[in-house]
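All remarks here apply to the structure that follows.
The values are calculated or read from the model by the stated rules, or taken from the named source; none is laboratory data. All figures in this text were calculated on a predicted structure; none of them were measured in a lab. As a convention, Cβ positions derive from the backbone with ideal geometry for all residues, glycine included, and neighbour counts pool all protein chains shown. Surface accessibility is based on the protein's heavy atoms, side chains included, excluding ligands, DNA and RNA. Shrake-Rupley method; radii C 1.70, N 1.55, O 1.52, S 1.80 Å.
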Amino acid sequence: MQLSMKVKGEGAENVSRLIAKNPSNPYERKEKGQNVRLAFTTFKSDEAEFIIYVDVDPIELVKSGSNHFDITHYINDREFAVSSLFCSYIRKALGTALNGKPKEEYSEWVHHAFNLEVSFGPIASHLADKRIQELFEPMGYAVEIERGNIDYTFDLKTRSTARYVTLKGEVTVQQALQHLFILIPVLDNFKHYFLDEREIEKIERYGEGWLDSHPLKSYIYEQSPLFNKRT
(Lines give C-alpha, C1' and ligand atoms only; values in the text may rest on other atoms or scores of the structure.)
Protein backbone atom coordinates (compact mmCIF):
# COMPACT_ATOMS: atom_id res chain seq x y z
CA MET A 1 0.00 0.00 0.00
CA GLN A 2 1.45 3.30 -1.04
CA LEU A 3 0.76 6.92 -1.86
CA SER A 4 2.90 9.30 -3.87
CA MET A 5 2.67 13.05 -4.30
CA LYS A 6 4.35 15.00 -7.09
CA VAL A 7 4.47 18.80 -6.89
CA LYS A 8 5.48 21.05 -9.79
CA GLY A 9 5.98 24.79 -10.05
CA GLU A 10 7.66 27.61 -8.23
CA GLY A 11 8.61 26.68 -4.70
CA ALA A 12 8.04 22.96 -5.20
CA GLU A 13 10.95 22.14 -2.93
CA ASN A 14 8.96 23.58 -0.03
CA VAL A 15 6.84 20.44 0.06
CA SER A 16 9.60 19.00 2.26
CA ARG A 17 8.96 21.81 4.78
CA LEU A 18 5.20 21.36 4.58
CA ILE A 19 5.47 17.67 5.49
CA ALA A 20 8.44 18.31 7.83
CA LYS A 21 10.68 15.69 6.22
CA ASN A 22 14.32 16.01 5.18
CA PRO A 23 14.63 14.99 1.51
CA SER A 24 18.14 13.67 2.19
CA ASN A 25 17.05 11.33 4.97
CA PRO A 26 14.45 8.61 4.33
CA TYR A 27 11.83 8.49 7.08
CA GLU A 28 11.05 5.19 8.80
CA ARG A 29 8.92 4.66 11.89
CA LYS A 30 6.83 1.97 13.54
CA GLU A 31 3.16 2.88 13.70
CA LYS A 32 0.71 0.48 15.36
CA GLY A 33 3.17 -2.34 14.76
CA GLN A 34 3.66 -1.56 11.05
CA ASN A 35 6.62 -0.05 9.21
CA VAL A 36 5.87 3.37 7.72
CA ARG A 37 8.47 4.64 5.25
CA LEU A 38 8.72 7.92 3.33
CA ALA A 39 11.35 8.97 0.81
CA PHE A 40 11.77 11.66 -1.82
CA THR A 41 12.28 10.32 -5.34
CA THR A 42 12.67 13.78 -6.92
CA PHE A 43 13.75 17.00 -5.27
CA LYS A 44 14.35 20.13 -7.35
CA SER A 45 13.37 23.77 -7.05
CA ASP A 46 10.50 23.35 -9.51
CA GLU A 47 9.58 19.69 -8.98
CA ALA A 48 9.49 17.40 -5.97
CA GLU A 49 8.01 13.98 -5.39
CA PHE A 50 7.77 11.76 -2.34
CA ILE A 51 6.32 8.33 -1.73
CA ILE A 52 4.98 6.98 1.55
CA TYR A 53 4.23 3.30 1.99
CA VAL A 54 3.51 0.75 4.67
CA ASP A 55 4.89 -2.74 5.16
CA VAL A 56 2.13 -4.49 7.06
CA ASP A 57 2.61 -7.46 9.36
CA PRO A 58 -0.59 -9.56 8.95
CA ILE A 59 -0.11 -11.07 12.41
CA GLU A 60 -0.09 -7.60 13.98
CA LEU A 61 -3.19 -6.78 11.91
CA VAL A 62 -5.02 -9.72 13.45
CA LYS A 63 -3.93 -8.75 16.96
CA SER A 64 -5.30 -5.24 16.46
CA GLY A 65 -8.62 -6.45 15.05
CA SER A 66 -11.85 -6.80 16.96
CA ASN A 67 -12.40 -10.45 16.02
CA HIS A 68 -9.34 -12.60 16.59
CA PHE A 69 -11.14 -15.71 15.35
CA ASP A 70 -12.06 -14.33 11.91
CA ILE A 71 -9.76 -16.16 9.46
CA THR A 72 -10.57 -13.73 6.65
CA HIS A 73 -7.87 -11.53 8.18
CA TYR A 74 -5.43 -13.98 6.62
CA ILE A 75 -7.02 -14.25 3.18
CA ASN A 76 -8.43 -10.81 2.41
CA ASP A 77 -6.58 -8.00 0.63
CA ARG A 78 -6.46 -5.66 3.59
CA GLU A 79 -2.77 -6.30 4.21
CA PHE A 80 -1.74 -4.65 0.95
CA ALA A 81 -4.64 -2.44 -0.16
CA VAL A 82 -4.82 1.29 0.43
CA SER A 83 -7.64 1.61 2.95
CA SER A 84 -8.85 3.35 6.07
CA LEU A 85 -6.16 1.41 7.96
CA PHE A 86 -3.52 2.84 5.64
CA CYS A 87 -4.69 6.35 6.51
CA SER A 88 -4.43 5.57 10.21
CA TYR A 89 -0.86 4.29 9.76
CA ILE A 90 0.43 7.34 7.84
CA ARG A 91 -1.49 10.11 9.64
CA LYS A 92 1.24 10.81 12.19
CA ALA A 93 3.95 10.94 9.50
CA LEU A 94 1.98 13.57 7.55
CA GLY A 95 0.47 15.36 10.54
CA THR A 96 2.37 18.61 10.01
CA ALA A 97 0.97 18.98 6.49
CA LEU A 98 -2.53 17.78 7.42
CA ASN A 99 -2.79 20.40 10.13
CA GLY A 100 -1.02 23.14 8.16
CA LYS A 101 1.58 23.73 10.87
CA PRO A 102 5.07 23.93 9.33
CA LYS A 103 7.75 26.18 10.77
CA GLU A 104 6.59 29.77 10.76
CA GLU A 105 8.96 30.88 7.98
CA TYR A 106 7.26 28.44 5.58
CA SER A 107 3.66 29.07 6.64
CA GLU A 108 2.87 31.06 3.46
CA TRP A 109 3.28 27.86 1.43
CA VAL A 110 0.43 26.15 3.30
CA HIS A 111 -2.03 28.15 1.19
CA HIS A 112 -0.12 27.90 -2.08
CA ALA A 113 -1.89 25.85 -4.78
CA PHE A 114 0.64 23.73 -6.66
CA ASN A 115 0.35 21.78 -9.88
CA LEU A 116 -0.10 18.58 -7.96
CA GLU A 117 -0.40 14.88 -8.80
CA VAL A 118 -1.32 12.26 -6.22
CA SER A 119 -1.36 8.53 -6.88
CA PHE A 120 -2.42 5.77 -4.51
CA GLY A 121 -3.13 2.08 -4.62
CA PRO A 122 -3.87 -0.65 -4.92
CA ILE A 123 -7.43 -0.17 -3.73
CA ALA A 124 -10.05 -2.86 -3.21
CA SER A 125 -13.44 -1.22 -3.39
CA HIS A 126 -16.98 -2.18 -4.34
CA LEU A 127 -17.40 1.29 -5.88
CA ALA A 128 -17.53 1.66 -9.65
CA ASP A 129 -14.90 3.78 -11.37
CA LYS A 130 -17.54 6.42 -12.11
CA ARG A 131 -18.42 6.81 -8.42
CA ILE A 132 -14.73 7.17 -7.53
CA GLN A 133 -14.47 9.93 -10.11
CA GLU A 134 -17.60 11.59 -8.70
CA LEU A 135 -16.02 11.63 -5.24
CA PHE A 136 -12.87 13.48 -6.32
CA GLU A 137 -13.87 15.59 -9.33
CA PRO A 138 -15.88 18.22 -7.35
CA MET A 139 -12.60 19.45 -5.82
CA GLY A 140 -11.21 20.12 -9.29
CA TYR A 141 -9.23 16.92 -9.86
CA ALA A 142 -8.81 15.10 -13.13
CA VAL A 143 -9.18 11.45 -12.10
CA GLU A 144 -7.37 8.58 -13.78
CA ILE A 145 -7.98 4.95 -12.80
CA GLU A 146 -5.66 2.18 -13.88
CA ARG A 147 -6.45 -1.47 -13.42
CA GLY A 148 -3.84 -4.07 -12.53
CA ASN A 149 -3.39 -7.30 -14.42
CA ILE A 150 -4.02 -9.66 -11.51
CA ASP A 151 -7.32 -10.45 -9.84
CA TYR A 152 -7.18 -11.13 -6.13
CA THR A 153 -9.72 -12.46 -3.66
CA PHE A 154 -10.91 -10.20 -0.85
CA ASP A 155 -13.52 -12.59 0.43
CA LEU A 156 -14.66 -16.11 -0.42
CA LYS A 157 -17.28 -15.06 -2.97
CA THR A 158 -16.13 -11.85 -4.60
CA ARG A 159 -13.24 -11.05 -6.92
CA SER A 160 -11.91 -7.59 -7.58
CA THR A 161 -9.27 -6.10 -9.84
CA ALA A 162 -6.60 -4.00 -8.19
CA ARG A 163 -7.01 -0.35 -9.12
CA TYR A 164 -4.61 2.55 -8.89
CA VAL A 165 -5.99 6.08 -8.71
CA THR A 166 -4.21 9.24 -9.88
CA LEU A 167 -5.53 12.72 -9.10
CA LYS A 168 -4.27 15.82 -10.91
CA GLY A 169 -5.17 19.40 -10.07
CA GLU A 170 -4.23 22.84 -8.77
CA VAL A 171 -4.51 22.41 -5.02
CA THR A 172 -2.56 22.94 -1.81
CA VAL A 173 -0.67 20.05 -0.23
CA GLN A 174 -2.85 20.32 2.89
CA GLN A 175 -6.09 20.25 0.93
CA ALA A 176 -5.02 17.24 -1.12
CA LEU A 177 -4.12 15.23 1.97
CA GLN A 178 -7.31 16.21 3.77
CA HIS A 179 -9.38 15.12 0.77
CA LEU A 180 -7.64 11.74 0.82
CA PHE A 181 -8.05 11.20 4.55
CA ILE A 182 -11.80 11.72 4.29
CA LEU A 183 -12.45 9.94 0.99
CA ILE A 184 -10.15 6.90 1.09
CA PRO A 185 -12.20 5.40 3.98
CA VAL A 186 -15.31 5.84 1.80
CA LEU A 187 -13.68 3.54 -0.79
CA ASP A 188 -12.79 0.94 1.82
CA ASN A 189 -14.66 -2.38 1.67
CA PHE A 190 -13.66 -3.20 5.26
CA LYS A 191 -14.37 -0.63 7.94
CA HIS A 192 -14.11 -2.72 11.11
CA TYR A 193 -11.43 -0.85 13.00
CA PHE A 194 -11.43 1.22 16.18
CA LEU A 195 -11.39 5.02 16.33
CA ASP A 196 -11.71 6.82 19.61
CA GLU A 197 -13.73 10.04 19.97
CA ARG A 198 -10.71 12.35 19.94
CA GLU A 199 -9.40 10.74 16.76
CA ILE A 200 -12.77 11.14 15.02
CA GLU A 201 -12.97 14.83 15.95
CA LYS A 202 -9.49 15.40 14.56
CA ILE A 203 -10.31 13.77 11.24
CA GLU A 204 -13.66 15.55 10.95
CA ARG A 205 -11.76 18.83 10.83
CA TYR A 206 -10.21 17.70 7.55
CA GLY A 207 -13.59 18.18 5.90
CA GLU A 208 -13.89 21.84 6.84
CA GLY A 209 -14.28 24.17 3.85
CA TRP A 210 -15.15 21.56 1.22
CA LEU A 211 -17.22 18.66 2.54
CA ASP A 212 -20.37 20.69 3.23
CA SER A 213 -20.58 21.74 -0.44
CA HIS A 214 -19.70 18.32 -1.90
CA PRO A 215 -22.52 16.96 -4.14
CA LEU A 216 -22.11 13.53 -2.51
CA LYS A 217 -21.94 14.79 1.07
CA SER A 218 -24.80 12.55 2.24
CA TYR A 219 -23.25 9.52 0.58
CA ILE A 220 -19.84 10.27 2.13
CA TYR A 221 -21.40 10.53 5.59
CA GLU A 222 -23.32 7.31 5.02
CA GLN A 223 -20.31 5.30 3.83
CA SER A 224 -17.52 6.68 5.99
CA PRO A 225 -16.75 4.93 9.32
CA LEU A 226 -15.45 8.28 10.57
CA PHE A 227 -18.97 9.68 10.74
CA ASN A 228 -21.00 6.49 11.10
CA LYS A 229 -19.39 5.72 14.44
CA ARG A 230 -21.44 8.54 16.02
CA THR A 231 -24.79 7.41 14.65
Cβ-Cβ cut-off under 14 Å around K8, Lys and Arg +1, Asp and Glu -1: the net charge is -4
Which distance in nm do the two modelled labels at N115 and I51 give, with both placed 7 Å along the Cα-to-Cβ direction?
2.3 nm
Theoretical gain in end-to-end length, Y164 to E201 [0.36 nm per residue, Cα-Cα removed]:
10.4 nm
Could you run the Karplus curve 6.51 cos²θ - 1.76 cosθ + 1.60 with θ = phi - 60° over the stretch 209-219 and give me ³J(HN,Hα) per residue in whole Hz, x for Gly and Pro?
x, 9, 5, 4, 9, 5, x, 9, 3, 4, 5
Near the amide H of F114, under 5 Å away, which other amide H atoms are found, from residues 5 or more places off or on another chain, if H is placed in the peptide plane?
V171, T172, V173
I'd like the carbon and sulfur percentage of the solvent accessible area for the stretch 84-151, probe radius 1.4 Å, heavy atoms only, ligands and nucleic acids excluded.
44 percent
Per the rule of 0.36 nm per residue minus the C-alpha distance, extending E144 to R131 adds in nm 3.4 nm
